[in-house]
Amino acid sequence: MARRRSDSGGPLALVAILVLLWSAISAFRAGAFRHPDPPLRHARYGMVLDGQGPSGSRAMEGLRLLREGRIDTLVLSGTGIGGGFVYSMLWVRMLPLSGAERGRTLELRSNCTSTRDEASLADSVFRSLGIGDTVVVITSGYHAWRAGSIFRRVARSGTVFRVHTADDPVWEKGWSDREGRKMRFLEWTKRIVWVLWEQWRPASGDPPWHAFVRGPGLGELPPPAWTP
């Protein structure tokens, strides 16, 4: 008598259902079906996230909001490059800031390594400043959804973070450009990792090291790390 083969489709189907259910719950929790933030008329602070390309489009968009009176103070987030340099030093020197605009601009230098770090730091910094209202987070359009999801999950201070987008020339080149393809692959990989894993990790530890820089030190470059 021939032995009946065991049906292996049942366990595989169950695994597939569990994976789909987990993915749907994670996507809902991360705000995948949430509508984009509506335009904001005015906020006291606008914070430009680090991680922009050589064009400095995020910093330029922040300056535009400052000049239009839609934010009162421009905060440029900057992470380390090496040798005592941080990116915000370069953005300050790149922007055509007037004397009055320099007085309304500051650097937030830190050793953040991710958007989640920046969100945790921003939440801590604005809580210490006693900011209980809205802060505009300025980032690239392709990064806006993930940044908004991260800030909503991480922020605990009562400050409301609203995302404002800036165009990115590399992203807009699309799949036909090598750098555009790399950017798309990296961003979608980060979205998947955030939705399925990172958003479930509990926040722990102190915020990354940081320092506010304003006034004469704004955009000032460090002395050489060595002499010839």
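Which of (1) under 24 Å from D123 (Cβ atoms); (2) free of Cβ contacts under 8 Å to residues at least 40 places away in the same chain is the odd one out, the single condition A27 does not satisfy?
A27 satisfies all of (1) under 24 Å from D123 (Cβ atoms); (2) free of Cβ contacts under 8 Å to residues at least 40 places away in the same chain except (2).
Please list, ordered by first then second residue, the pairs with beta carbon atoms under 7 Å, 6 or more apart or interchain, first in segment 135-158 and farther than 19 Å from V75 by Cβ, second part of a strand (DSSP E or B) and of a type in the set (S, T, Y).
Going by the 7 Å Cβ cut-off, the qualifying pairs are G141/T165.
Out of everything in segment 159-179 that is of a type in the set (S, T, N, Q) and in contact with a helix residue (DSSP H, G or I) (Cβ under 7 Å, 6 or more places away or on another chain), what residue ends up being nearest to S77 (Cα to Cα)? Explain how you work it out, then say what you get.
Of all residues in segment 159-179, those of a type in the set (S, T, N, Q) come to 159, 165, 176.
Narrowing the set further to residues that are in contact with a helix residue (DSSP H, G or I) (Cβ under 7 Å, 6 or more places away or on another chain) leaves 159, 165.
Details: T159: 18, T165: 15 Å.
Ranking the qualifying residues of segment 159-179, first place goes to T165.
Given the structure, is A203 part of a helix (DSSP H, G or I) and under 18 Å from the mean Cα position of the chain (by Cα)? Show your work before the answer.
On the way: part of a helix (DSSP H, G or I): no; under 18 Å from the mean Cα position of the chain (by Cα): yes.
Against the criterion (part of a helix (DSSP H, G or I) and under 18 Å from the mean Cα position of the chain (by Cα)), A203 does not qualify.
Out of the helices (runs of 4 or more DSSP H) lying entirely within segment 70-178, which hold 1 or more residues that are of a type in the set (F, W, Y)?
Per the criteria, 87-94, 115-128, 144-154.
Of all residues in segment 188-208, which are in contact (Cβ under 8 Å) with a residue 60 or more places away in the chain and among the small types (G, A, S)?
Of everything in segment 188-208, just one residue is in contact (Cβ under 8 Å) with a residue 60 or more places away in the chain and among the small types (G, A, S), namely A203.
If you take the residues in segment 180-202 that are touching a helix residue (DSSP H, G or I) at 6+ places or on another chain (Cβ under 6 Å) and more than 17 Å from W145 (Cα to Cα), which one is surrounded by the most Cβ atoms within 10 Å (Cβ to Cβ)?
G180
State all residues of segment 74-108 that are in contact with a Ser or Thr (Cβ under 9 Å, 6 or more places away or on another chain) and either of a type in the set (S, T, Y) or surrounded by fewer than 18 Cβ atoms within 10 Å (Cβ to Cβ) (or both); if no residue qualifies, say none.
Those that are in contact with a Ser or Thr (Cβ under 9 Å, 6 or more places away or on another chain) and either of a type in the set (S, T, Y) or surrounded by fewer than 18 Cβ atoms within 10 Å (Cβ to Cβ) (or both): S77, T79, G80, Y87, S88, R104, T105.
Check segment 24-39 and report whether any residue there is more than 23 Å from S149 (Cβ to Cβ) and either at pLDDT 85 or above or hydroxyl-bearing (S, T, Y) (or both).
As a first pass, look at segment 24-39 and keep what is more than 23 Å from S149 (Cβ to Cβ): none.
No: zero hits.
Looking at segment 19-37, which of its residues are assigned to a loop (DSSP other than H, G, I, E, B), loosely packed, with under 14 Cβ neighbours inside 10 Å and either more than 16 Å from the chain's Cα centre (by Cα) or among the hydrophobic types (A, V, I, L, M, F, W, C) (or both)?
First pass over segment 19-37, keeping only residues assigned to a loop (DSSP other than H, G, I, E, B): 31-37.
This time we only want the ones that are loosely packed, with under 14 Cβ neighbours inside 10 Å, so: 33-36.
Of everything in segment 19-37, those that are assigned to a loop (DSSP other than H, G, I, E, B), loosely packed, with under 14 Cβ neighbours inside 10 Å and either more than 16 Å from the chain's Cα centre (by Cα) or among the hydrophobic types (A, V, I, L, M, F, W, C) (or both) turn out to be F33, R34, H35.
Which number in (1) among the aliphatic types (A, V, I, L, M); (2) touching a strand residue (DSSP E or B) at 6+ places or on another chain (Cβ under 8 Å); (3) more than 15 Å from A59 (Cβ to Cβ) marks the one condition that V92 misses?
(3)
Specify the residue that is surrounded by the fewest Cβ atoms within 10 Å (Cβ to Cβ); the eligible residues are those in segment 38-60 that are more than 15 Å from the chain's Cα centre (by Cα) and within 28 Å of N111 (Cα to Cα).
Going through segment 38-60, the residues more than 15 Å from the chain's Cα centre (by Cα) turn out to be 38-45, 54-55, 60.
Of the ones still in play, those that are also within 28 Å of N111 (Cα to Cα) are 43-45, 54-55, 60.
On the way: A43: 22, R44: 14, Y45: 21, P54: 9, S55: 15, M60: 18.
The residue in question is P54.
It is to be established whether one or more residues within segment 154-167 are surrounded by fewer than 19 Cβ atoms within 10 Å (Cβ to Cβ) and acidic (D, E).
Yes, there is a match, as at least one residue in segment 154-167 is surrounded by fewer than 19 Cβ atoms within 10 Å (Cβ to Cβ) and acidic (D, E).
The values are calculated or read from the model by the stated rules, or taken from the named source; none is laboratory data. None of these values were measured; they are calculated from a predicted model. Virtual Cβ from ideal backbone geometry, glycine too; neighbours counted across all protein chains shown.
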